[in-house]
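Right, one structure below, let's go through it.
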Amino acid sequence: METKKKAAKAEVKTEKAAEKAAPAKAEAKTEAKAAPKAAPQKAEAKAVITKDTLISEVLKIDENLAEVFFEFGMHCLGCPISNGESIGEASMAHGIDADELLKALNAKAGK
C-alpha cells in the first residue's frame, strides 16, 4: 500500500512541476515570436577608391579596372611593388595626375 502512496505522491509532484514549467515555456515561445527578426544584411557597399588605396586592392574590387591603369600608361600591374603601392605613390612615381586617375577609376567602378 505504501508503495502505491509513494508512487501517487511522486506522480502528483511530477504533474505540479510540469504545470509550473508549462507557463514558462509558453512565455518563452511568445517572446521568441514577438522578437523582431533580424533585418537581412545588405551587401557591403563598395569603398570609394582614394589615393591611399593600394593598387592590389583596386584590382580586387574589379579586375576590369586594370584597363584604366593601362590607359594612364601604368602597365606594370603585375610588378611586386604594385602589391604594396598606393594609387598616390604610383601616380607620383609615374608622373600621373592622381586626381584624374582616381576620377577615371571611380567612374569605371560605378562610384
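Taken together, the values in this text are just the output of simple stated rules run on the coordinates, not laboratory data. Everything quoted here is computed from the prediction, not taken from an experiment. Using ideal geometry, Cβ is built from the backbone for each residue, glycine included, and neighbour counts are taken over all protein chains shown.
Side notes on the structure shown:
- Residues with amide H under 5 Å from that of Thr53, placed H, sequence gap 5 or more: Ile87, Gly88
- The ranking of Leu54, Leu65 by Cβ neighbour count inside 10 Å, starting from the fewest, reads Leu54, Leu65.
- Local net charge near Cys79, Cβ-Cβ under 14 Å (Lys/Arg +1, Asp/Glu -1): -2
- Size of electric dipole in the range 55-109: Cβ of Lys, Arg +1 and of Asp, Glu -1, about Cα centre, debye, nearest 20: 80
- By the count of other C-beta atoms within 10 Å, a proxy for reagent exposure, Glu100, Glu57 are ordered fewest to most as Glu100, Glu57.
- Neighbour-count order for Val58, Val68, fewest beta carbons within 10 angstrom listed first: Val68, Val58
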